[in-house]
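Notes to accompany the following structure.
The values are calculated or read from the model by the stated rules, or taken from the named source; none is laboratory data. Here the structure is a predicted model, which means the values were calculated and not measured. Cβ coordinates were reconstructed from backbone atoms using ideal geometry, including for glycine residues, and neighbour counts include every protein chain displayed. Remember, those area values only see protein heavy atoms, side chains included, never the ligands or the DNA or RNA. Shrake-Rupley method; radii C 1.70, N 1.55, O 1.52, S 1.80 Å.
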Amino acid sequence: MDNHFRPFDPEQEVSINRRHLPHWEQPGSTYFVTFRTADSLPPKRLDDLRWQRKLWVQSHPQPWSFRELDEYSRIIFQRLDGWLDKGLGTCPLGEPEASRIVADALTYFDGTRYFLDDYAVMPNHVHSIVLPREEHTLSEILHSWKSFTGNRVNGVLKRSGQLWIH
């Protein structure tokens with residue numbers, strides 16, 4: 001791994017924002033990011049994930065230690081990754097032209113807005129390892145990737161609607 005990349009530091013401050021799952025940000029850290037297509041998980045799977053989260057939260061009162069957050073991540077994200085790897089949904093990124101659009105977008109600003117170590121474009125989701133440059137945030141980078149590729153992929157595949165889950 002290039003010397004640009006810096007691991008998460010459990011001793012430093014971290015902000016955790018929640019929507020459906022926690023999103024951690026620590027300035028100066030490298031991120032392993034997964035984002036998925038909007039139809040990659042059926043409602044039943046999402047309900048299962050919410051139920052598992054609810055059970056975990058009930059049995060782990062806040063404030064959570066780093067060890068507890070790590071446990072939570074393993075439980076929830078391993079389940080989520082397993083479902084994504086099953087290739088559920090329409091899998092638009094399985095189309096070579098769509099996959100290329102996403103790969104080109106990920107690498108386009110490498111070295112200027114962020115440092116990209118590696119990535120994988122799967123049929124219904126994307127993994128990347130990225131370090132934002134100081135003047136750019138992870139949220140900004142993800143928005144840029146999703147907005148640009150959503151419009152382009154929909155155009156190429158002659159489809160409409162939301163490509164990515166927000």
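Computed in the context of the full set of protein chains, the accessible area of the chain at 1.4 Å probe radius has 52% of its extent on carbon or sulfur.
Shown in residue order for segment 81-98 are the 3J(HN,Hα) couplings computed by the Karplus curve 6.51 cos²θ - 1.76 cosθ + 1.60 at θ = phi - 60°: 4, x, 5, 4, 5, 6, x, 6, x, 7, 6, x, 7, x, 6, x, 5, 5 Hz (x for Gly and Pro). In this structure, the amide hydrogen of W164, modeled 1.01 Å from its nitrogen in the peptide plane, lies closer than 5 angstrom to those of A38, counting only residues at least 5 positions away or on a different chain. Translational diffusion of segment 56-115, estimated by Stokes-Einstein from the Kirkwood radius over alpha carbon pairs at 20 °C in a medium of 1.002 mPa s, is 143 µm² per second.
Pick out which of E11, E97, E140 has the largest mean-square fluctuation in a Gaussian network model of the chain, springs linking Cα atoms closer than 10 Å. Of E11, E97, E140, the most mobile in the Gaussian network model is E11.
A simple packing score, the average count of other Cβ atoms within 10 Å per residue, orders the peptides 112-124, 151-163 as 112-124, 151-163, with the highest score first. Probing with 1.4 Å while keeping every protein chain in the model, the per residue accessible area of the chain equals 60 Å². Under 5 Å between amide hydrogens, built in the peptide plane, is the criterion, and for H125 it picks out T37 among residues at least 5 positions away or on other chains.
Taking a quarter of the surface of the Cα convex hull of segment 98-166, what do you get in nm²? Mean projected area for segment 98-166: 4.4 nm², to one decimal.
With both labels modelled 7 Å from their Cα along Cα-to-Cβ, the R79 to Q162 distance reads 2.1 nm. Between V33 and R45, the modelled label-to-label distance comes to 2.1 nm, taking each label 7 Å out from Cα in the direction of the beta carbon. Dividing the mean sequence gap of close Cα pairs (under 8 Å, 6+ apart) by how many residues segment 19-154 holds gives a relative contact order of 34 percent.
Between the alpha-carbon centres of segment 73-122 and segment 141-155 there is a gap of 12 Å. Solvent-accessible surface of protein heavy atoms, probed at 1.4 angstrom with all chains present, puts E68, E134 in the order E134, E68, largest first.
In segment 1-115, the C-alpha radius of gyration followed by the widest Cα-Cα span (Dmax) gives 16.8, 47 angstrom. Per-residue ellipticity at 222 nm, computed for the chain from helices alone with -39500 (n - 2.57) per DSSP H run of at least four residues, works out to -14000 deg cm²/dmol.
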